[in-house]
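To keep things clear, I will list the structure first and then write my remarks on it.
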Amino acid sequence: MKLKMTLLAASLIVSMTGAAKAEDPSKLNDLEIAHVAYVADVIDIRYAHLALAISSNPDIHEFAKTMIRDHEAVNEQALALLGKLNAQPQDNFLSQSLQKGAEELITEMSQLRGDAFDKRYAENELAYHKAVNNLVENAFIPNIENAEVKSLFEAGLEIFKAHEGHAEMMVKKVN
Amino acid sequence: MHRRRFLQTSVAALAATGSSSALHAATKAPTHHDITIYRFKFVPDTLDVRVGDTITWQNKDIAPHTATANDDSWTTDELGKRQSQTLTVTAGMSGDYYCVYHPHMKAKLTIAS
Ligand SMILES: [Cu+2]
């Protein structure tokens, strides 16, 4: 069951990002996992800034500001913990494929305006948080060795699940 | 900043409660209540209070939250990780409140008469 979910999460990410490589996210070490999480946070912050620049829907603005506020708070904690552990996050295949997927999506979304943008943004927020949450819950948390890193990921997952629920509300609102 | 908000609220409470019954409530040893914000929930999510009581909201999440009236008539500031804020209960605070940043976080204050 757990393995199945992990594979599902991995294939979701891979298909989302169009990566050809099928490397296994559950084989990443703690510092690679930390890197993926940091990149995933930064990507959602970038989507949010795009939304603030393009959308004129006040609900989308509130949502985007929450994404920026929360993902920055998580990254601040992650950097503090890495500093305390005197560790550097390590770049890896998954961070790179997430980043590539994000570049493509930002290019696509920046062409959209009005309702078309709002819909695309809200739908992507829902899909993105779902995929990342699957990854964090099923591929990362069971494999993280450091207890403090694990507990930060558990707290992060709580936040991103709240975002997933919030994104679901947003999708309903803009459709 | 939080202290100033607290004082303003206290003054507003006195101004709003100039009647004898409110003075009675105010002189009858106000109670202090604690509400914890943890895992995207207000705990407890319903609370019976009296005018003049104090309530402290403490955020134990990493994500910043607020406690804000549904009708916007009162609010805490943004509460970051481990931050707390105390408000004095005024007559107008009865009813539903939520977190502005995470609108699915809902709670309620009930004011006993
Ligand atoms: Cu909140």
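The values are calculated or read from the model by the stated rules, or taken from the named source; none is laboratory data. Being a predicted model, the structure only gives us computed values, none of them experimental. Note that we place each Cβ from the backbone using ideal geometry, even for glycine, and neighbour counts take in every protein chain shown.
Of all residue pairs spaced 6 or more apart or on separate chains, those with beta-carbon atoms under 8 Å, a first member in region B:66-77 that is over 13 Å from B:VAL89 (Cβ atoms) and a second member that is away from the ligand (no atom under 12 Å from the Cβ) and in a loop (DSSP other than H, G, I, E, B) are B:THR66/B:ASP77; B:THR68/B:TRP74; B:ASP77/B:MET1. Restricting attention to region A:147-175 and to residues that are in a helix (DSSP H, G or I) and more than 12 Å from chain B (Cβ to nearest Cβ), the residue that is nearest to A:GLU103 (Cα to Cα) turns out to be A:VAL171. Residues that are within 14 Å of another protein chain (Cβ to nearest Cβ) and in contact with a helix residue (DSSP H, G or I) (Cβ under 7 Å, 6 or more places away or on another chain) within region A:67-90 comprise A:MET67, A:ILE68, A:ASP70, A:HIS71, A:GLU72, A:VAL74, A:ASN75, A:GLN77, A:ALA78, A:LEU81, listed in sequence order. Would you be able to say whether some residue in region A:95-102 is within 16 Å of the ligand (Cβ to nearest atom) and either in contact with a Phe, Trp or Tyr (Cβ under 8 Å, 6 or more places away or on another chain) or among the hydroxyl-bearing types (Ser, Thr, Tyr) (or both)? No, region A:95-102 has no match at all. Look at A:ILE144 and say whether it is in contact (Cβ under 8 Å) with a residue 60 or more places away in the chain and either more than 13 Å from chain B (Cβ to nearest Cβ) or of a type in the set (Lys, Arg) (or both). Judged against the criteria, A:ILE144 is a match. For A:ALA64, indicate whether it is in a helix (DSSP H, G or I), modelled with pLDDT under 95 and under 19 Å from the mean Cα position of the chain (by Cα). Against the criterion (in a helix (DSSP H, G or I), modelled with pLDDT under 95 and under 19 Å from the mean Cα position of the chain (by Cα)), A:ALA64 does not qualify.
Within region A:23-45, track down each residue that is among the acidic types (Asp, Glu), more than 18 Å from A:ILE106 (Cβ to Cβ) and in a helix (DSSP H, G or I).
Step one: of region A:23-45, the residues among the acidic types (Asp, Glu) are A:23-24, A:30, A:32, A:41, A:44.
Narrowing the set further to residues that are more than 18 Å from A:ILE106 (Cβ to Cβ) leaves A:23-24, A:30, A:32.
Result: A:ASP30, A:GLU32.
Here region B:30-46 is the region considered, the condition is being more than 10 Å from the chain's Cα centre (by Cα) and assigned to a strand (DSSP E or B), and the residue that is nearest to the ligand (Cβ to nearest atom) is B:ILE37.
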